[in-house]
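We did not get these values from a lab; they are worked out from the coordinates using the rules stated. As the structure is a prediction and not an experimental result, all values here were calculated from the model. All Cβ positions, glycine included, derive from the backbone under ideal geometry; neighbour counts span all protein chains shown.
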Amino acid sequence: MTTIASLEDKFYQTIDAEEKIEPKDWMPDDYRKTLVRQISQHAHSEIIGMLPEGNWITRAPSLKRKLALLAKVQDEAGHGLYLYAACETLGVGRDELLDQLHTGKAKYSSIFNYPTITWADMGAIGWLVDGAAIMNQVPLCRCSYGPYSRAMVRVCKEESFHQRQGYEIMTTLAKGSEEQKAMAQDALNRWWWPSLMMFGPNDSVSTHSEMSMRWKIKRFSNDELRQRFVDMTVPQAELIGLTIPDPLLKFNEEKKGYDFGPIDWDEFKMVVNGHGPCNEERMAARLKAHADGEWVREAASAHAARKSNSESRLKTA
Amino acid sequence: MNKDWPLYEVFIRSKNGLSHKHVGSLHASDAAMALENARDVYTRRSEGVSIWVVKAVDILASDPGDSEFLFEPATDKIYRHPTFYDVPDEVKHM
Ligand SMILES: [Fe+2]
Ligand SMILES: [Fe+2]
């Protein structure tokens, strides 16, 4: 006889054996809920994440940069799609997910609520924001939920070009005129701290972490990933002559890593709760894009319906 | 979109000689659109030379609850494997 207890046993055996849970397998309700929340937030972030960079496509300084930025933004749309599809395998509909985004019920990464005011921001985003995203996403390739892990493998393959093109922009500006270098430094100053916030609250106050680790959705804690990101990024900044905007940043010989200053969590909370510099603008742009696409979706549905009608008429004739 | 378009599963042949492999899924109003979108989403870096799209509702999947009864009988049929049979050492390749 299958009881809940025996199903649960089997579930944890699968998890502990580093095997994957697939959509039709039994899973605890909270595991499903946690995944739906995390994957949908992740999908929304990819979609909203197109907006700050979309802002610069028409103003890219060269055709090469424009092509790269277009390709990157298109990739992000694809990432959103892979993730929505993974989320739907858990029994939520696409319309439901979009509704949650559009009504503000679901969150997206707060980093995208900061403005992109200069071209250097395209460099800083690729380098830091995509860099932080990669740091978060690589361990997710081993996540215990099959569809999520497969989606992340695709995403990670595509991400590395994003970070490199961003760093290339920063490098070019940093080697350029005084104004260009200042522009790069200014972008780093503005994006550094929000990028560190992308890893989420400190471990001591993180609410979802423990179960996510048990379920092997998460592999490393927020602070561990943040530390790795700092250790990876600081030398990259030094290499191109830029300064990390943190007076407390210092290499710690003992831990073989950098100590860094405290993060302004009040700012983080403010932005998460809708009061960042661009929250309203981002939501308005998303809603407008959705509304503007309505006639296209209607026309496509009408076309599909007419075609299937005439096909069935031909068959019966 | 409160009437979600049908879900299509996407299969891609990465090069001739290999089978089509499931890569993901997408919603589309009809099969033609599913094919076009699959091209845009799943083959942006020359991942394929051929695409199949299949409506997800047309796929009948086995139930993981039936796995034991479907697949376990095979595990004790070791006589289906070549190593079950003894042949003289002199026979080098068989
Ligand atoms: Fe992405
Ligand atoms: Fe990216």
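Of note:
- Overall form of the range B:7-84: oblate. Here a/c, set by the Cα gyration tensor axes a ≥ b ≥ c, is 1.5 or more, and a/b is not larger than b/c.
- When Rg and the Kirkwood radius Rh are both evaluated on Cα atoms of the range A:202-317, their ratio Rg/Rh stands at 1.28.
- Kirkwood Rh and Cα Rg combined as Rg/Rh, the range A:100-168: 1.04
- Counting neighbouring beta carbons within 10 Å and listing from fewest to most, the residues A:S144, B:S29, B:S50 come out as B:S50, B:S29, A:S144.
- J(HN,Hα) series, the range A:87-95, from Karplus relation 6.51 cos²θ - 1.76 cosθ + 1.60, nearest Hz, glycine and proline x: 5, 5, 5, 8, x, 9, x, 4, 4
- Model label sites at B:L18 and A:K315, defined 7 Å from Cα along the beta-carbon direction, differ in position by 3.4 nm.
- Residue-wise HN-Hα coupling along the range A:200-205, computed from phi with Karplus coefficients 6.51, -1.76, 1.60 (Hz; x: Gly, Pro): x, x, 4, 3, 5, 10
- When B:Y79, A:Y12 are arranged by Cβ crowding within 10 Å, least crowded first, meaning fewest neighbours, the order is B:Y79, A:Y12.
- Convex hull volume per residue in cubic angstrom - Cα atoms of the protein assembly as shown: 246
- Spin-label proximity, A:A71 to the range B:31-52 - amide N less than 19 Å from point 7 Å beyond Cα toward beta carbon: B:39-49
- Estimated vicinal HN-Hα couplings, Hz - the range A:151-167 in sequence order (Karplus 6.51, -1.76, 1.60; Gly, Pro = x): 4, 5, 4, 4, 4, 4, 4, 7, 5, 5, 5, 4, 5, 5, 5, x, 5
- Cα Rg over Rh - the range A:118-205, Kirkwood: 1.09
- Between A:S177 and A:A17, the C-beta separation translates, for a Förster distance of 35 Å, into a calculated FRET efficiency of about 0.05.
- When A:C278, A:C143 are sorted by how many other C-beta atoms sit within 10 angstrom of their C-beta, beginning with the fewest, the order is A:C278, A:C143.
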